[in-house]
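A quick write-up on the structure given underneath.
The values are calculated or read from the model by the stated rules, or taken from the named source; none is laboratory data. It should be emphasised that the depicted structure is a prediction, and the values quoted were computed from it without experimental measurement. Note that each Cβ is placed from the backbone with ideal geometry, even for glycine, and that neighbours are counted across all protein chains shown. Note: areas computed on protein heavy atoms with side chains; ligands, DNA, RNA excluded. Shrake-Rupley method; radii C 1.70, N 1.55, O 1.52, S 1.80 Å.
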Amino acid sequence: MFEARLLKASLLKKILEPIKDLVDSANFDCSPVGISLQAMDSTHVTLITLLLRSDGFDSYNCDRSLSLGLSLVSLNKILKCAGNDDFLTIKARDEADTVTFVFESPKSDRISDFEVKLLELKNDQYNIRDSDYSAVVKMPSAELQRICRDLSIMGENVTITANKEGVKFSVSGDSGSGNITVRPTTDTEADLATTIESKEPVVLSFALKFLSNFTKATPLSPTVKLTISETDPIVIEYKIDDIGYLRFFLAPKMD
Amino acid sequence: MYKKGLQLKPSGSGTAKAAPTPTSSYKSGGGGYDDEDDEDFDDEDEEEDFDEEEEDDEVDQDEYDDDTGDAMDTGADDNSSKQIFLWSRKPVPNLNPRSNSLIFQQLEVDYAELKEPVEGMPGPKAGSRPIVRLFGVTKEGNSVLCKVHGFLPYFFIACPPNFDVTHCKSFKEALNEMMMSKMPSQEVTDIVVSIDIFQKKSIMGYNPDPLTPFIMITLILPKYVTKCRDILENGHKYFFEIPGQPVRQYQTYESNIPFALRFLIDKTITGCSWVELPATTYKLSTTPVSTCQIEVETSLDTLIAHSPDSGEQWSALAPFRILSFDIECAGRKGFFPEAEKDPVIQIANIVKNQGEQEPFIRNIFTLKGCSSIVGAHVIPHDKEVDMLKAWRNFVIQVDPDLIIGYNIVNFDLPYLIGRARALKINDFARLSRIKSTISKVKSTHFSSSNLGTRESKEVSMPGRTQFDLIQAIQRDHKLSSYSLNNVSAHFLKEQKEDVHFSIISDLQNGDDDDRRRLAVYCLKDALLPVKLLDKLMLLFNYTEMARVTGVPLSYLLGRGEGVKVLSQLYRKAMKEDFLIPTYKVSTKGPKYKGAIVIEPTTGFYDVPIATLDFTSLYPSIMMAHNLCYSTLIPAEEAKKLQPTDYTLTPSGDYFALPRLKKGLLPRILEELLSARKKAKDDLKNETDPFKKAVLDGRQLALKISANSVYGFTGARVGKLPCIEISRSVTSFGREMLDTTKRIVESNYNIANGYKHDAVIIYGDTDSVMIKFGVSTVAEAMELGRHASKEVTKHFIRPINLDFEKVYYPYLLMAKKKYAGLFWTKPDTFDKMDVKGLENVRRDTCPLVRNVVSVILRKLLIEKDIKMAEEYTKSIISDLLQNRLDISLLVITKALSKTEYKGRVVHNELAQKMRARDPSTAPNLGDRVPYVVIQGLKGAPIYEKAEDPLYVLEHNILLDTQYYLDKQLKAPLLRIFKPCLPNPEAIFNGEHTRTIAQATLSTNNKGFFGALEKKKVCMSCPNTLTDEESTVCKNCRHREPDLYQTCLSNVTALEDKFSQTWTQCQRCTGSLHQPVLCSNRDCPIFYMRTKVQFDLVEAKKTLDRFNVEW
């Protein structure tokens, strides 16, 4: 028997927002540790990992590990029926072929439940090797979202140049080119600060289409962490308050 | 067949002992050699069962026994005289022009300019003149060139008022002067030979008046005709006027017909017919210009043409020599072979005489040594130059009448000629029968509404007809791919090994055995066209078509349909003094309404449905209503006539009734159809398979010709379009269909004493489907026959509504889309008939075709809707789990233009492939195979198309959802809609809930080097500890089960792999050499590659159990 209760159904909505356009369906792996998800988009350019630790839930009960294969399209439709402040309970029996979502309004005057049929998804799971980074950039997530939005107007690919002095996002397209440079800040409060840890200068290019999609996760966290290294995919991490994280791995563009 | 027939069967006699035969010593490794092929070929033999077959075999056998000893070393060195003797034709029997007549079957007709007159032959006294050259073969098999003197090009214009015989001379002088000034030449003194007046009539429009005068203009050479016509049509541009006449534009008549065809028409010679030169009317050429055995000069007037239907001897086929060849070239890696750079390394040849069962020469010219091949003569050469020279000599010696092969016109021949030029072998291109003519390669565009645009090359080779099988098959058959592999798989049920040309160089640079391998492959490529030619009866069908329509054989492949009708029209018109105007081609013209369909009442009919057809609908309408150019009455003219004199067609056009004037087209059609009837009757009584083939070819040719007459009148870019005729034909068709519906429904109803009301559930162009309501096939047949007679009474003969068949059960899905069991006898059905469904269309993937076929079989034959539904669900489930064979999912589309407006799938892919590797990328005219892979959400389909081979090699996941939604769904829904209450249920439900997802493909290592596969429990998502390798501690109890499943999976895959592998080894013909094939048309190839991948994966999984025995 699996049962997990979240105080805010909207959290799941926010998580789904950046994922649903990249993958059609995914396995939510539930274990005593928590709920995790790993999915790759069909072009094999990005990998998405999600972790929601069990201690972050209002209540969490999982005797045996199980996978909940869900169509994100249908999940998204169901979540639309939930109010932002509703409590969410996810329930599944062992070896079941359905999962139940229960929404409870804060005043407990309205309870709705939805049963969703499960998919059996066959895919491989991957371990992510910890690797050396060349630069780690922490910045306000809204800032990254804005950069991606602004640069998308000009072209399809963004080149990220990071060194101690700052991070430069540059784009060039048919109509011209543009650069946005972000410098480290010291004076502002922690959430809105930009910090750069740089071991060595690094230059990489990425598809803006994907980056823009990732920034749909902005509501999850005020800050975002970019881990950049020459040999590995860029990691874009959104911390989810007290409960876990959502990470995107994006392969750099090769010419 | 390599075992049985030796390639060198002496054409003379008594030479068997000396014959340089190939060795039979190559036994090792040949054990399983071509078993498959032998069987297939033998089967064919039995089917056709020619009389000579047994004798031939015996002869071969004798030789074989005698000669096995000395053959091995008879290469190209010491054998030339013997070989040439064997290759050559039989010597000419004594031919005395004074006492013997010369009779031959002509195959190829062209003309040449002769500088000087030949004594005793008609024609101008001096200067250049045209001669018509007839190339042919005598009954004995000797090649003939017959040069006909005295035929000059001519055309007509209408005689202007006040022009009579006295003006001819001044007109001639004026025109001649104009022509000489526009096209000055030393060769001729006069361009205009004569101006005469004849009494003729234009074919256009009904004209009750007697003949009127027309001026015939005769020129000296065909090349002047176009200019001269232009001068007369556009006199004002040239400031030309006929003396005594004002400047005006003249309509010319019969001025755009090919000169050689004009000759055939005037002499009433049809294509491929027999020609006789009576004794004393011809003489042997003193200085032969050709390599033909017999070369004669004769006069236009004494030549006798024998019509093929004037006697059995004249319908026979002479023993032409057919050479089939194929070349291999050693390309460089990554490039398609170019004649300037890449050598020709092998040329395989198969020569056979028409009428004989087995080829008598099978040989292969190779560059560098090559191990011997059973049943074929290997002729090695050290230098490419020597090889090409030797091959050219071989061709001249063999002297083939017909050169066939696969794609020879666009590839092999131009390549050889280009290669010879690059190597500076000057004489190589003299392949034709005219010694002085060098074969040249010309690029042409051929486009027709029927076949689309094709880029093609043309190789001039006077005297030898080139018959490229690929062109014939493209014309006659709609296939998903026209590669030789696919074509032979389709018609001969033989897959063949396809050595990719990038491997060819490696094999060539290997040892003698490697080259032998290549040679075997090359020989097979030369043999397959011969087999196709036999199997498809192409030679019979095409010669009969040439005879029926009167055009030479080479026109049939090289030109469109129009010329065939035109030739018949000219022949008919000439007899009646009609002249055919030459119109300028214009693409504009009013559109007219096509055929009609009676809206289908869709459904699954579990009662017999009778089908009535109008036999030869369009031809019979034209005959019944006397529709012709010569009976067309303009609307204002019609007002002057009595209404009893004409027919007003439903489209509002007027045509004279037969009692005023019987049209030419109706008469042509009548002749064609009665000739067809005769041919069919003869066919029934004929027992000789050869004659049967000829007759069958003829009746088919007659049918096609009759049907193409309608198309000819409707073709707006054709030679003589007449929209009035074609729109009248279709309007009559529509009216007749409506009439039929009315009569049937008003007669066969309960009110008239029948048990049920008859309903027309569907009708299309020439057929109507009637539900009489009866429950047995026999009753439906009875009523159908009755109704057909009843309805026919209402129409003018020869329109005939015929009861043909009953469909039971019948699944009607939409217009032109239906399926049913086809009954012509009340006791058993004949076959399953499917129209317009995906299983016959080729723009879908084989999966759709297969599934649709199986479902229809289950529905119609087994009548088990439940089973059909279950089957469909299982296929969908397999599809979503990526368990289907990729070959089932390959879609092909023809790359027919160089530039497309939008971004179309196959063009985008072709460009992608070109960027990857230009040598394997598809070219214009090729069909591009692709599969749809998973891409970004919302990505356009053209971004998701990928080369199937690339997909296999890189283990990319297919977009199964696309195949389900875009390919399978619509056709399946269409089928199930009439049968099931809720057909949508097939596409969602339990069976769609297991889905295979993208796994990281190997080529992505660069991007995701940071990732490694996580060891996960095989039954739940728990990560495994280092000690565990299969399941986590919670799932222990399931381990044995999982192991079982895994093991049986591996075993099944192993079985499948060895099966496919064996299949490929058989096809390759060798058990202990690696299989090199990369045949993209072969389903086995894809299956083998996919199984290989799957097996490796499955083994890895199995290894995790680490079971030790």
Report task. Pairs of Cα atoms under 8 Å, at least six residues apart: use those to get the relative contact order of segment B:1047-1093, whole percent. Result -> 42 percent
Report task. Determine the dipole magnitude for chain B: charges of +1 sit on the beta-carbon of Lys and Arg, -1 on that of Asp and Glu, nothing else is charged, the reference point is the Cα centre, and the result goes in debye to the nearest 20. Result -> 5000 debye
Query raised in the report: Quick one: putting +1 on the C-beta of Lys and Arg, -1 on the C-beta of Asp and Glu, what dipole do you get for segment B:1015-1103 around its Cα centre, in Debye to the nearest 20?
Result: 280 debye
Query raised in the report: Roughly how many whole Å is it from the C-alpha centroid of segment A:122-143 to that of segment A:25-94?
Result: 20 Å
Query - Heavy-atom SASA rank of B:159, B:272 (probe 1.4 Å, accessible area, largest first) - result: B:159, B:272
Requested in this report: On a 0 to 90° scale, report how tilted helix B:1039-1068 is relative to the longest principal axis of chain B, with both axes built from alpha carbons and the result rounded to the nearest 10.
Outcome: 30 degrees
Query - Nonlocal Lys pairs with alpha-carbon distance under 19 Å, segment B:684-742 (8 or more apart, or different chains) - result: 4
Query raised in the report: Carbon and sulfur together cover what percent of the accessible area of segment B:583-835 at a 1.4 Å probe radius?
Result: 54 percent
Query raised in the report: For segment B:729-783 and segment B:1028-1080, what is the separation of their C-alpha centers, rounded to whole Å?
Result: 58 Å
Query raised in the report: By how many degrees, between 0 and 90 and to the nearest 10, does the Cα long axis of helix B:777-792 differ from the longest principal axis of chain B?
Result: 20 degrees
Report summary line: For chain B, the per residue accessible area (1.4 Å probe, Å²) is 43 Å²
Requested in this report: Filter the trypsin sites (Lys or Arg not before Pro) in segment B:767-819 down to the DSSP loop ones having no more than 12 other Cβ atoms within 10 Å, then list what survives.
Outcome: B:793
Query - Cα gyration tensor shape for chain B, rounded if a/c is under 1.5, else prolate or oblate - result: oblate
Report task. With unit charges on the beta carbon (Lys/Arg positive, Asp/Glu negative), name the residue among B:940, B:930, B:963 whose Cα is farthest towards the positive pole of the charge dipole of segment B:877-992. Result -> B:940
Query raised in the report: Which value results when the Cα radius of gyration for segment B:155-256 is divided by 2.2 N^0.38 Å?
Result: 1.06
Query - Minimum 40 Å² accessible area buried by the other protein chains, segment A:25-62 residues, probe 1.4 Å, relative to alone - result: A:40, A:42, A:44
**Report entry** Set of lysines with alpha-carbon distance to residue B:1015 below 23 Å, sequence-local pairs under 8 removed
**Finding:** A:122, B:1005, B:1033, B:1099, B:1100
Requested in this report: May I ask for the percentage of alpha-carbon pairs in segment B:607-676 that lie more than 21 Å from each other?
Outcome: 34 percent
Query raised in the report: For segment B:233-278, what % of the accessible area comes from carbon and sulfur atoms, probe 1.4 Å?
Result: 51 percent
Query raised in the report: For chains A and B, what's the summed buried accessible area, probe 1.4 Å, to the nearest 100 square angstrom?
Result: 3400 Å²
Query - Integer Hz, Karplus 6.51/-1.76/1.60 couplings in order for segment B:250-259, x for Gly and Pro - result: 9, 6, 9, 10, 6, 9, 10, 9, x, 4
**Report entry** Selection from B:92, B:553, B:189, by position along the positive dipole direction of the protein assembly as shown (Cβ)
**Finding:** B:189
Requested in this report: Over chain B, calculate the relative contact order: mean separation of alpha carbon pairs under 8 Å at least 6 apart, over the residue count, as a percent.
Outcome: 10 percent
Query raised in the report: Can you list the residues, at least 5 places off or on another chain, whose amide H is less than 5 Å from the amide H of residue B:342, using H built in the peptide plane?
Result: none
Report summary line: Expressed in nanometres to one decimal, the distance between label points 7 Å along Cα→Cβ at residue B:915 and residue B:239 is 6.1 nm
Query raised in the report: Kirkwood Rh over Cα pairs of segment B:236-290 into Stokes-Einstein at 10 °C, 1.306 mPa s: D in µm²/s?
Result: 99 µm²/s
Query raised in the report: Which whole-number percentage describes the relative contact order of chain A, with Cα contacts under 8 Å and a sequence gap of 6 or more?
Result: 20 percent
**Report entry** Whether segment B:106-217 is rounded, prolate or oblate, judged on the alpha carbon gyration tensor where a/c under 1.5 counts as rounded
**Finding:** oblate
Report task. Tabulate in residue order the Karplus-calculated ³J(HN,Hα) for segment B:215-230, using 6.51 cos²θ - 1.76 cosθ + 1.60 with θ = phi - 60°, rounded to whole Hz; enter x for Gly and Pro. Result -> 9, 9, 10, 10, 10, 7, 10, x, 5, 8, 4, 4, 4, 5, 4, 4
Query raised in the report: Size of the dipole of segment A:2-117 about the Cα centre, Lys and Arg at +1 and Asp and Glu at -1 on the beta carbon, nothing else charged, in debye to 20?
Result: 260 debye
**Report entry** Loop trypsin sites (Lys or Arg not before Pro), segment A:51-96 (other Cβ atoms within 10 Å of the site Cβ: 13 or fewer; DSSP)
**Finding:** A:80, A:93
Report summary line: Per the charge dipole of segment B:303-382 (beta-carbon charges, Lys/Arg positive, Asp/Glu negative, Cα centre), the residue among B:364, B:311, B:331 reaching farthest to the positive end is B:331
Requested in this report: Just flag the trypsin sites (Lys or Arg not before Pro) in segment A:116-146 sitting in loop per DSSP whose Cβ has no more than 11 other Cβ atoms within 10 Å.
Outcome: A:129
Requested in this report: Can you grab the distance from the C-alpha centre of segment A:163-183 to the C-alpha centre of segment B:496-553, Å, no decimals?
Outcome: 61 Å
Query - For the protein assembly as shown, radius of gyration divided by Kirkwood radius, i.e. Rg to Rh on alpha-carbons - result: 1.04
